[in-house]
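What follows is a short report on a single structure.
The values are calculated or read from the model by the stated rules, or taken from the named source; none is laboratory data. Small disclaimer: the values here were computed from a predicted structure and weren't measured. FYI the Cβ positions are ideal-geometry reconstructions off the backbone, even for glycines, and counts take in every protein chain you see.
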Amino acid sequence: MFKSLKKILKKKNDGMPEPDAPAKSFDMEAFHMNDIKVYALSTCIHCRNAKKYLDECGVKYECVHVDELTGDERKQIVQEVKEHNPAVSFPTIVIRDKVVVGFHKDKIDDALKED
Amino acid sequence: MDVNQLYEMLKKVQEPKGYHFNADKDMTMPLLESLLTNKERFGYMACPCRLANGDYEADKDIICPCVYREEDVKEYGACYCALYVSKEFNEGSVEKQVVPERRPPEKILF
């Protein structure tokens, strides 16, 4: 199961901030791939913008495009999203133990700042 | 049909009804691209910002323009995707905010 999960998780970002990235008051080195998970849709503009923002913040994250999953894999991931966000809307961003629903820069910043 | 044709076609139909495309083309054009992607995938233009079931009957409420657009534009000045907005939204007299999901989660079959 772990293997199949890994397969669907797309690795993003090389960890380098964009030159025009906003000044951040958190330690991006403190975040690892496993700390941030983005449940997204490949067609969703808010998901795309949220991922772009995380890229600009220079943090690493795992992203799963739920619309591209089928069968049991899809069921399992939808259930996972539901546990974090009962509305099952996208993006659902899990930053350690914090959940940000939708593309809210301020909430992402706050979640990144907290330990 | 390409994205520019879709833009012109929908604009003609939707603007007289008071639904304008988001003036931010960085939002509007990728969303229209995604509508074409979904048309290809499902045979209908399911909302690109929602998880479609892939079944016409089950996705009827989220075929763009979705049934939630009217209330969302009325309340927030924009639909859930922010593809369709009010005139006031484009003029900047409405505060731009994230539109919360109005579709009941039970509509997602899994």
**Restricting the range B:41-61 to residues that are away from every other protein chain (no Cβ under 11 Å) and free of Cβ contacts under 8 Å to residues at least 24 places away in the same chain, the residue that is surrounded by the most Cβ atoms within 10 Å (Cβ to Cβ)** = B:59
**Fill in**
Checked the range A:33-56 for anything outside any helix (DSSP H, G or I) and surrounded by 17 or more Cβ atoms within 10 Å (Cβ to Cβ); matches are A:36, A:37, A:38, A:39, A:40, A:41, A:43, A:44
**Request:** Residues being touching a His at 6+ places or on another chain (Cβ under 7 Å) and more than 7 Å from chain B (Cβ to nearest Cβ): count how many of those fall in the range A:86-115.
**Result:** 4
**Complete:** Considering the range B:65-110, residues that are over 21 Å from residue A:104 (Cβ atoms) and within 11 Å of chain A (Cβ to nearest Cβ), and then whichever is farthest from the chain's Cα centre (by Cα), we arrive at B:110
**Prompt:** Which condition number does residue B:11 fail, the rest of (1) touching a residue at least 12 places away in the same chain (Cβ under 8 Å); (2) away from chain A (no Cβ under 14 Å); (3) in contact with a strand residue (DSSP E or B) (Cβ under 7 Å, 6 or more places away or on another chain) being met?
**Reply:** (1)
**Fill in**
Residue count, the range A:57-94, condition assigned to a helix (DSSP H, G or I) and surrounded by fewer than 21 Cβ atoms within 10 Å (Cβ to Cβ), comes to 14
**Fill in**
In the range A:53-85, anything within 7 Å of chain B (Cβ to nearest Cβ), over 15 Å from residue A:41 (Cβ atoms) and in contact with a helix residue (DSSP H, G or I) (Cβ under 6 Å, 6 or more places away or on another chain) is listed as none
**Message:** So if I check each of A:74, A:48, which one is among the basic types (Lys, Arg), within 13 Å of the chain's Cα centre (by Cα) and modelled with pLDDT of 95 or more?
**Reply:** A:48
